Structures are given as structure tokens and as C-alpha cells.
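K.L.:
Pasting in a structure now, in C-alpha cells, and then I'll have a few things to ask.
The values are calculated or read from the model by the stated rules, or taken from the named source; none is laboratory data. These numbers were taken from a predicted model, which means no experiment stands behind them. A quick note on method: Cβ atoms are made from the backbone with ideal geometry, for glycine too, and the neighbour counts reach across all protein chains shown. Remember, those area values only see protein heavy atoms, side chains included, never the ligands or the DNA or RNA. Shrake-Rupley method; radii C 1.70, N 1.55, O 1.52, S 1.80 Å.
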Amino acid sequence: MKIYYYLTIFPIESLIASNLEPTKFGSYLSTGSKKGSYENNIFIEIEEGCSNFFDWDYAKKKCVPKENGEPKHSVYLSIYRTLENTPIKALKSIYLTTKDGRTLEIKPEIFDNNLSEKKFYIYQEICPTRPLIVTSLKPKDYVKNITNKENKTYIPTIAFADIKTISFHSENTGSLGPLYDRNIEHLHNCVNEVTLNKDKLFKIVERSNVDKFSYQIIGDGIFVGDNQTIIFYRMISVEDLRRYHYDWARSAQIF
Amino acid sequence: MLAIVFISVFSALAFAAGNYFAVKRKDPGLPIMREIADAIAQGADAFIRHEYGVIFKIGIIIAIILGIIVSWYTGIAFLIGALMSSSAGWVGMKIAVIANVRVSNTARTTKSMGSTLKVAFQGGSVMGLSVGGFALLGLGFIYLTFGKFLNQLSEQQLTIVTNWIGINFIPFTMTVSGYALGCSIIAMFDRVGGGIYTKAADMGADLVGKTEAHIPEDDPRNPATIADNVGDNVGDVAGLGADLLESYVGAIISSIVLAAYIFYTSKSLENSITASLTIKLLKYPIFFASIGILSCIIGIASLLIRKNIKKPHTALNFSTWVSEGCTIFFTLIFTLIYFKGENFGILAFRFGAISPWLSSVIGIIAGIVIGMLAEYYTSYDYNPTKNIAAASNEGASLTITSGLAVGMKSTILPVIILGFGIILADFVGGLYGVAMAAIGMLSVVSATVSVDTYGPIADNAGGISEMSKLEPEVREITDHLDSVGNTTAAIGKGFAIGSASLAALSLFASYLYTQAGPGHTTGYSLIINLMDTFSLGGAIIGAALPFLFSGILIDAVAKAAQQMVMEVRRQFKENPKILSGEEKPDYRRCIKISSAGAINQMKLPAFISVLTPLITGFLFGAKFVGGLLIGTTLSSIMLAIFTANSGGAWDNAKKYIEQGRFGGKGSSAHAAGIIGDTVGDPLKDTVGPSLDILIKIMAVVSLIMVNIFGKYNLVGLLQK
């Protein structure tokens, strides 16, 4: 039985070998086999043998079908510093799994920095840390900055989502989930700090924002990059979601 | 002249049958759609059979008791009433489960909002026409058999007789009261049982499916989703139809009782009315209702033949307006001819022959205004509901608080309309005018029930589209029609409450009249002295009764919903392949839980409503029951409006948020909105509608039994 390798980046970071193909793995990951859990999960399929950091032989030995022929659901290969030890070029499609186990595949594309410019950006860091950031830096510049080894603090590899922005004074927000529910004044102040002070490149809105992050709020897409390479997972347009991925979009509460 | 009645009955039932088969002939669609629709149909059918099985036994016992202690014809009329009401409910449920999948398939094949609306409305019209048709069929049969062949409508029999245990009544009034009681008993079980069923399933589906497992609405992985759809048919279709049929019959019979007693109790007065005029007054309501039904046929047809429907809500409103306009016009002509040259004697007909017609127009206008007020308080196009949505931003407590406030405030305007409507109708046509106002409001019952039944059919169609995974644009059509149905449902509830209130108040006047005995022919004062301690005590207890009744109903829904929650959790836990979509859930177990919950829990509230006036009557006498009826009626009107509008406003506030306001789906405001909606669910769909029945059934039971407990009661015995 084929072995797939999944780099989970949200809500925990790990590398899992599994006999389940991506949509079934997503369903298993989100709803569990018998534990009755319901959580959003984001994972990326990666190429086997892409890094010496992981024990691929252990995976092959352990990730075998059960005696009754059922596929092996999961064999954990790593639960720490996983993303940074995975080469960016080994990343395949990303999968966004909803709380009830629906999975959406987004294929990677090389980021050519052609997104429309904004006065400020809001980024939800997904892995390895998970703060909510307001910044004046475009995605590419943000990756460069955060992965720059010359900085006092840096991350070798980062995954983050570009977040939709809203008008602060309208009730017609669209379906955005809980991100902007509370402390909107604080977010407003953070935006002002970044936009009015050119020296302030970014500001942390919240240190950890796992509970409030939902797929509805993703703007242009998800970026994964190190100091050399950025892979962009472009969020599927609402029209295409309606046409081709309606069940996932309903499950993600976009419709 | 009775031919008018049978022409309208035949036309209504023939049109209903035509629409039934027209809908049935349509393609039910893909195998998966048919499979889901069959599961819904089987669930609804099994529940109705089980429910009617229980009611049948109770009905037979009541008929025998009535036959023995009142008169044989009361017992027979009771059975006819029960048969007519259950037939209407059964036909309505049947067409709803046939139409749902065909509506869904029409949306799939035509992608046209207008064509899909027509199929849903055509299905709804079968229920609407059946309600009017069966109600009048039974009444027509009673007029013909008991009135004409057994001469109960002759001058000789328009007199108070005394039966073998010394109970006094006018034979024809007791016959029609028995008929009304038959309708009431079915309505009570249909409304209460259906209300408990639908909300237990709905809450069970939402609480685990939506809230815990985060499954979208109508997702086939949710084990309770078929039960939820079954609930729409047994609660919102059969229950609503039986409820309005009962109001319709109640309004008609109250005018009959009033006319008969006005005649008898003023016989010896100088300006008394003649027997021939009395007989005309006894027949006028049924003729008026017949013209109303013929007008509704025109109104319903006006929508079905319309092309290029772009705005479903406007098209549905148009159909009702055509029905109302035709009713007003044709009944005016009829009234002028029917009462031409009559001397109305002591009747307070201030505007002569057209007085009863004017009173009925007051009722029609009051019904329209009350419906509009219900829409104002519950639609998200207006501020009350928008404000609840805005309050949800600050958490569930404020959602609940603001929803309660909207519901409470919403009682005043409809009650003012009702109050002034009653005063005005009385001014124009006396007490008979008040009864005619109720008949006027209900004369377009076939049109309003058609629109009301369209809602749950569209809701089911949405569910089937969703479960069958039809294309998004199909689901958008059925979703849009469903959302229009939510608004029409709120209007329908307002209308049901308004009409039930008027019917109950005229039944109350009849209750006072029926205490007249042989020899009371020189005028009879309808006085209830609230300074009399028995009347006052009855009123206080009566005012509390709807709260007890509502509490029991909410408990019943909560108990059944809890069982449903446990079952859905169990299925998810024991079979993970349900959530992954690899295996189907066990829908039948959820259907059984809802059915068993509804059947077990419906008995206590039903018995309370029937037995309270009886027990208190035999203990404390007629004055106490008079107070009890007043207290129950007034308190029920407020509580019914409050619960219907709070629940409707919470429901639509949640929907307003879901359309992308205040963070939309998944936001804290949405979570608060869901809590508000869940609290409001049993209020608007179980408690409010059941209160409509409570007031009418208590009034009808009292009307029939007042002469018995008026004569035989504990206090009377002790005083002797």
C-alpha cells in the first residue's frame, strides 16, 4: 500500500506517514478515528526522502496495513522543528481540512510577487509560530525579513496566510469568522502604528491566534518560504469554490 | 342555496386533487433524490399513522361520552369533525412529501426560480384547499343531514331542549359544537405532537451536527437530518393545517351559536328577530366561507398561471391579495342580495344588511395588519431583528435579552388591532359582527395555508438538494425559496394567532349565551362579573395555565432533543465512517426517537387543555370556568405573540448574521445567534402554535359542557 508523507503545519507541526490518500487523511486528522475531535487542520504532502532529518526507513517499517487489511492511519516521524527541516522544493499540494473533515487541495505555484499592493497587510502566521501580525511588508519582503539570519530573532522557514482586511465601521463584514470579533480597537491601533510610522515594519496584534483563525479569512493565499524560495498556495476564488468545491466551502462556512 | 357550499367544496377538493396529481406526475429526479424523499415520506407516514392511532382511541372514547351525556348527534358530529380535520392533515402531509423532491428536481432541471416556486406553491395549495374544502364538507354535511333532514334548522327546533340528565341546549348549536370539538382534538394532537417532533429533531440535528461536529445544515452525514425534514411535514404542514382548520370551524360555529341563542333569548321581546332571519343568520357564515373558498381558488390560480415570476415573496402576496379582494367583492354582492329587505330587529346591525359584511372586512383588514406586524418584528429587513443581530456581537446574553425585548414589545400593536377590531366589529354588527370578523379573517384560509405550506415544502426541497449534492445554483434556488418561506411562516403564525384569538373570543360569548335555559326568552345579559370571587379566581388561574402548558411543552421538546443529541453523538462516536462519508448514518433510529418523544409527550398537554375546564367546572361551576376562559385566552394571546415573534426574530437575526454581517458564519456573533435561535425554536414552533389551540379547545369543551357542570358541580352541591 502506498505511503504518503504529510507535513502538518496547523494546529501542530509534525511529519506523519500514512496509507491514507490526502482527502481521507484530512478527514481522519480532523475528526479522528474514535476520539470524536473536530478541528481545522492544514497539511502539505511532501516527497519521500527529501531530507536526512527524518527516519524514512522507520516509516516504511511501521506504516503498513493492519492485519484486517485496513490502511495504517498515521505513523509520526517528527513533532518538532519539522517545517524548517523540510526543503521548500519538496512541498507538494497543501490541504485545508475543515472541522467536519472536508478537505480542499490547493496546488503550489512559484510566487512571482504579482499581488496587488496594499497600505498594510495582516498575516496569520501558521507555522512554526502563530501570532497575528500587521505589517507594511509585502509577502516576499516579510519572508525575507523574518527568515533573515542576521536579525536578532528569526525563523528558518515560515508558513503564513494573507488575511482579508475589513472596513472598521461597517456591519457588512462578509463571512469572516471570529478574527475581528474582539479588540478591534487594538487592531486599529496596530494598523495605525505600522502605516503612520515608516520605521515600524510590523506589529504583533496577538501572540497566539489559533482559535480565531478560519479559512474564511484567508485573503490571497498561504505562503511558505525560507530565505531563498517562496511557494505560494493561491486561495481558490469564491466563484471556483462555488462551482467546484461547494461542499468544502459550506463546511468552511464561506457559504 | 346549500348548493353554493357543495359547489365550493367540490371546486376546492377537485382543484386540490388536480394539483395533487399534477405535482405527483412531475419527475421526482435522480435515484439519490428519490431515496432521500422516500426516507422522509416513510418517516412522516409512520409518525402520522402512529399519532392518528393514538388519537383514534381517544376520539372514540370522547365520542361515546358525548353521545351518552349530551346527545347522539353531538357524538356523531364530533367524529365527523375529527375525520375532516385528520383528512386535511393527512392529505397535506402526503402532498408535502411528494412535492418536496419534485420542487428540488424542478430547480435542477429548469434552473428557474419561478417554475420551482410554482411547483412548491401547487403542492402547498393542496393543503390549503383541503383545509377549506374538508372543513366545509363536514359542515355542509351537518347542515344537510342534521339541519335539513333532521330539521334542526327548523323554527321548532331552534329552541332550548333538555336532555335525559337535565342539560339544556339548542340542538343544532350542540351538533356544530361537537363538530368543532372533533376538529379541535385532532388539531391539538397534530400541533402539539408535530411541534414536539419537529423541534426535537431540529434541535438534535443542530446541537450536535452543527455546533459540535460543525456539519452544515442538511448534511447527509447528520443522523438527525432526515428526522428534521420529517418534522417539517408533520409539524409545519399537518399541524398548521389542522390548527387553521380548527380556527375556521370555531369561528363559523361561534356565529351559529350566537345567532341561535340571540333568537331564542329574545323571542318574547317586541323587536325580536324572526325565525326565517335567524335561519339566514345561521347559514350566512357557511355561505360567506364558501365564497371565500371560491375566491381563494381564483387567488391560487392567479399564481399558477403567472409567467416570469421574479420575486417569489411578491408573487405569494399577490395570490393572497387576489383571494382577499375577490372575497370582499363577491361577499358584498352576496350579502346585499341575501339580506335584502330584512328587518334586523334587536340585532345591533348599525349599517343594515351590509353590517355583517363590514364586520368581516374589519376582520380581513385586521388579519392583514397583524400579518404585516409579524413580518415587521421578525424579518431582517426591519430594525427589531437587525438590532438583535447587532446585540449578538456582544455575546449570547444580549442576543437573548434583546430577543425577549422584541417579543414582549411586539405584543402591543397586534393586541391593539385585535382590541379595536373587536370593538369596531361589535359596533358595526354586534356580537354576531365579532364572530363575522373572525370568519372574515379566516375566509381566505385556503390561500394563507397554501402560502404557509409552501414554506416547509421549499425547506424540504432545500434539504433534498443539499443531501443529493445537486449543483450549487440548484441549492441557491431552493435556499432562496426556503428563506422566503421563513418570512411567510412568520406572517402565517401572526395570522394564526390573530384568528385564533378572535375565534376564541366569539366562542367565549357563545359560552355565556349557552348558559341560558328554557324560558330565558325575554333577553339574556352576557355578564361575567370579575368581582365575583369564583370568576376572579378562575381568571387568575386561567392566566397562569398557558405558562404551565408552555413549560410542559418546552420540557417535552428538551427531553426529546436530549435523547436525539445522545443518539447523534453515539452514532458519530461508534462509527467514524459516518463523518468521513463512507457510510450512511442510521436515520431510522433518530426518526423513532422523535416519534416516540412526540407521541409520549403530547398526551399531557392535550389532556390539560381538555380536562382543565371540565375538572374546574365540576368543582367550581360555570362562573369559575368563565373566568378561567378569559384568563387563559388573554394570557395565551400575549404569550403566543411573544413566543412566535421572539422565536422568529432570533431565527432571522441568525440568518442576517449568516448573510455576512458582524463577522458572518463562524463569528462570535454567529455563535450567539445560534444560541438565540435554539432557544427560540421550541417557542415559535411548539409553544406559540399550541397556545392557539389551547384557547380554542378550552372554549369549545366549555361550550359543550357548561350546561352539565353548570348544573352539577361541587360548590353548587355544597351551597344547596
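K.L.:
So how far, in whole Å, is the C-alpha centre of the range B:542-606 from the one of the range B:95-152?
P.N.:
Answer, in whole Å: 30.
K.L.:
Peptides B:464-474, B:356-366: what's the order by average Cβ count within 10 Å, highest mean first? Each step should come with its number before you reach the end.
P.N.:
Details: B:464-474: 21.9, B:356-366: 26.3.
Those peptides, ordered most packed to least, come out B:356-366, B:464-474.
K.L.:
List, in the order given, every pair from B:LYS210/B:LYS307; B:LYS199/B:LYS409; A:LYS60/A:LYS149; B:LYS94/B:LYS493 whose Cα-Cα distance in the structure shown is over 27 Å.
P.N.:
Over 27 Å apart, Cα to Cα: B:LYS210/B:LYS307; A:LYS60/A:LYS149.
K.L.:
If N is the number of residues in the protein assembly as shown, what value comes out of its Cα radius of gyration divided by 2.2 N^0.38 Å?
P.N.:
On the way: Rg = 32.8 Å, N = 975, 2.2 N^0.38 = 30.1 Å.
In units of the 2.2 N^0.38 Å rule of thumb, it is 1.09.
K.L.:
Ok, one more. Determine the shielding of peptide B:654-665 by partner chains: average, over its residues, the number of Cβ atoms on other chains within 10 angstrom of each Cβ.
P.N.:
Numbers: counts 0, 0, 1, 3, 3, 3, 7, 6, 7, 14, 9, 11.
Mean inter-chain Cβ contacts per residue within 10 Å come to 5.
K.L.:
Rounded to two decimals, what is Rg over Rh for the range B:244-369 when you use alpha-carbon atoms and the Kirkwood radius? The partial results should precede the final answer.
P.N.:
Numbers: Rg = 17.3 Å, Rh = 16.2 Å.
With Rg and the Kirkwood Rh in hand, the quotient comes to 1.07.
K.L.:
So for each of B:640-646, A:91-97, A:54-60, B:496-502 I average, over its residues, the number of other beta carbons within 10 Å; can you give me the resulting order with the highest mean first? Don't jump to the answer; show the numbers that get you there.
P.N.:
On the way: B:640-646: 29.0, A:91-97: 21.6, A:54-60: 15.0, B:496-502: 30.6.
Most protected by this proxy first, the peptides run B:496-502, B:640-646, A:91-97, A:54-60.
K.L.:
Still on this model: What pairs in B:LYS24/B:LYS655; A:LYS140/A:LYS198; A:LYS119/A:LYS144 have C-alpha atoms more than 23 Å from each other? It would help to have the intermediate numbers written out before the result.
P.N.:
On the way: B:LYS24/B:LYS655 32 Å; A:LYS140/A:LYS198 18 Å; A:LYS119/A:LYS144 19 Å.
Too far apart for the 23 Å limit: B:LYS24/B:LYS655.
K.L.:
Kindly sort A:LYS152, B:LYS310 by accessible area of their heavy atoms, largest first, with the probe set to 1.4 Å. Walk me through the numbers before you get to the answer.
P.N.:
On the way: A:LYS152 200, B:LYS310 170 Å².
So, going from the largest accessible area down, we get A:LYS152, B:LYS310.
K.L.:
Continuing with the same structure: What's the average, rounded to a whole number, of partner chain beta-carbon atoms within 10 Å of each residue's beta-carbon in B:569-580? Provide the component values of the computation, followed by the final result.
P.N.:
Numbers: counts 1, 0, 0, 4, 4, 1, 1, 9, 2, 1, 10, 12.
Per residue, the average neighbour count from other chains is 4.
K.L.:
Separate question: Largest first and in whole Å, give the semi-axes of the range B:247-286's equivalent ellipsoid, each being the square root of 5 times a Cα gyration tensor eigenvalue. List each step's numbers first, then the result.
P.N.:
Values: eigenvalues 89, 21, 5 Å².
The equivalent ellipsoid of the range B:247-286 has semi-axes of 21, 10, 5 Å.
K.L.:
While we're looking at this one, here's another question. Along the charge dipole of the protein assembly as shown, Cβ charges K/R +1 and D/E -1, which of A:CYS127, B:PHE15, B:LEU404 sits furthest on the positive end?
P.N.:
Most positive-ward Cα: B:PHE15.
K.L.:
If you average 1/r over all unlike Cα pairs in the range A:127-186 and invert the result, what Kirkwood radius do you get in angstrom?
P.N.:
Numbers: mean 1/r = 0.0725 Å⁻¹.
About 13.8 Å, per the Kirkwood formula over Cα pairs.
K.L.:
Let me know the whole percent of all Cα-Cα pairs from the range A:121-237 that are separated by more than 22 Å. Present the calculation step by step, with values, prior to reporting the outcome.
P.N.:
Numbers: 2104 of 6786 pairs.
When every Cα pair of the range A:121-237 is considered, 31 percent fall beyond 22 Å.
K.L.:
Something else: Quick one: net charge of A:LYS72's neighbours, Cβ under 9 Å, K/R +1, D/E -1? Write down the numbers at each step before the final one.
P.N.:
Details: positive: A:LYS62, A:LYS66; negative: A:GLU70.
Every neighbour counted, the sum reads +1.
K.L.:
Also: Over chain A, what lengths in whole Å, largest first, do the semi-axes of the equivalent ellipsoid take, defined as the square roots of 5 times the eigenvalues of the alpha-carbon gyration tensor? Let's see the in-between values first.
P.N.:
Values: eigenvalues 204, 98, 46 Å².
Computed over chain A, the values are 32, 22, 15 Å.
K.L.:
Dipole magnitude of chain A about its Cα centre, charges +1 at Lys/Arg Cβ and -1 at Asp/Glu Cβ only, in debye to the nearest 20?
P.N.:
Details: 34 positive and 32 negative charges, 48 e Å.
Here the size comes out at about 220 debye.
K.L.:
Hey, which lysines would be in cross-link range of A:LYS24, C-alpha to C-alpha under 18 Å, not counting anything within fewer than 8 residues on its own chain?
P.N.:
A:LYS2, A:LYS34, A:LYS35, A:LYS66, A:LYS72, A:LYS92, A:LYS99, A:LYS107, B:LYS573, B:LYS577, B:LYS584
K.L.:
If you wrap a convex hull around the Cα atoms of the range A:4-107, how much volume per residue is inside, in Å³? Mind dumping the intermediate values first?
P.N.:
Details: hull volume 9.3 nm³, N = 104.
Considering the Cα atoms of the range A:4-107, their hull volume per residue is 90 Å³.
K.L.:
When Lys and Arg each count +1 and Asp and Glu each count -1, what net charge do the other residues less than 12 Å away from B:GLY663, Cβ to Cβ, add up to? Provide the component values of the computation, followed by the final result.
P.N.:
Numbers: positive: A:LYS164, A:ARG182, A:LYS212, B:ARG661, B:LYS665; negative: A:GLU171, A:ASP181, B:GLU658.
Local charge sum for B:GLY663: +2.
K.L.:
For the range B:51-68 and the range B:198-253, write down the distance between their C-alpha centroids in whole Å.
P.N.:
The range B:51-68 and the range B:198-253 have Cα centres spaced 27 Å from each other.
K.L.:
Can you give me the P(r) profile for chain B? Cα pairs, bins 20 angstrom wide beginning at 0, each as a whole percent.
P.N.:
Calculated over all Cα pairs of chain B, the distribution is 19, 54, 24, 3, 0 percent.
K.L.:
Sort B:PHE6, B:PHE172 by heavy-atom solvent-accessible area, probe 1.4 angstrom, most to least. It would help to have the intermediate numbers written out before the result.
P.N.:
Working: B:PHE6 70, B:PHE172 0 Å².
Per-residue accessible area, sorted high to low, gives B:PHE6, B:PHE172.
K.L.:
Among the GluC sites (Glu not before Pro) in the range B:260-357, which ones are in a DSSP loop with at most 10 other Cβ atoms within 10 Å of the Cβ? Mind listing them?
P.N.:
On the way: sites: B:GLU270, B:GLU324, B:GLU342; in loops: B:GLU270, B:GLU342.
Taking the range B:260-357 and a limit of 10 other Cβ atoms within 10 Å, the loop GluC sites (Glu not before Pro) found are B:GLU270.
K.L.:
I would also like to ask the following. If one computes the Cα centroid of the range B:665-693 and of the range B:317-347, what distance in Å separates the two points?
P.N.:
40 Å
K.L.:
If packing is taken as the average number of other Cβ atoms within 10 Å across a peptide's residues, how do A:227-235, B:590-598 rank, most packed first? Numbers along the way, then the final one.
P.N.:
Numbers: A:227-235: 18.3, B:590-598: 25.0.
By packing density, highest mean first, the sequence is B:590-598, A:227-235.
K.L.:
In degrees from 0 to 90, rounded to the nearest 10, what is the angle of the helix B:113-142 Cα long axis to the longest principal axis of chain B?
P.N.:
Helix B:113-142 sits roughly 30 degrees off the main axis of chain B.
K.L.:
Now for a separate question. With N denoting the number of residues in the range B:1-148, provide Rg(C-alpha) divided by 2.2 N^0.38 Å, to two decimal places. Each step should come with its number before you reach the end.
P.N.:
Numbers: Rg = 18.6 Å, N = 148, 2.2 N^0.38 = 14.7 Å.
Computed over Cα atoms of the range B:1-148, the ratio equals 1.27.
K.L.:
Mind checking A:174-185 for the average number of partner chain beta-carbons within 10 Å of each residue's beta-carbon? Can you show the working numbers first?
P.N.:
On the way: counts 6, 11, 7, 7, 7, 3, 4, 11, 2, 0, 0, 0.
Per-residue shielding by partner chains comes out at 5.
K.L.:
Can you compute the charge dipole magnitude of the protein assembly as shown about its Cα centre, using +1 on each Lys and Arg Cβ and -1 on each Asp and Glu Cβ, nothing else charged? Give it in debye, rounded to the nearest 20.
P.N.:
On the way: 83 positive and 78 negative charges, 152 e Å.
Dipole size: approximately 740 debye.
K.L.:
Helix B:472-513 versus the longest principal axis of chain B: what angle, 0 to 90°, nearest 10, using Cα atoms?
P.N.:
Rounded to the nearest ten degrees, it is 20.
K.L.:
Nearest 10 degrees is fine. How inclined is helix B:312-338 to the longest principal axis of chain B, computing both from alpha carbons?
P.N.:
In chain B, helix B:312-338 runs at an angle near 10 degrees to the longest axis.
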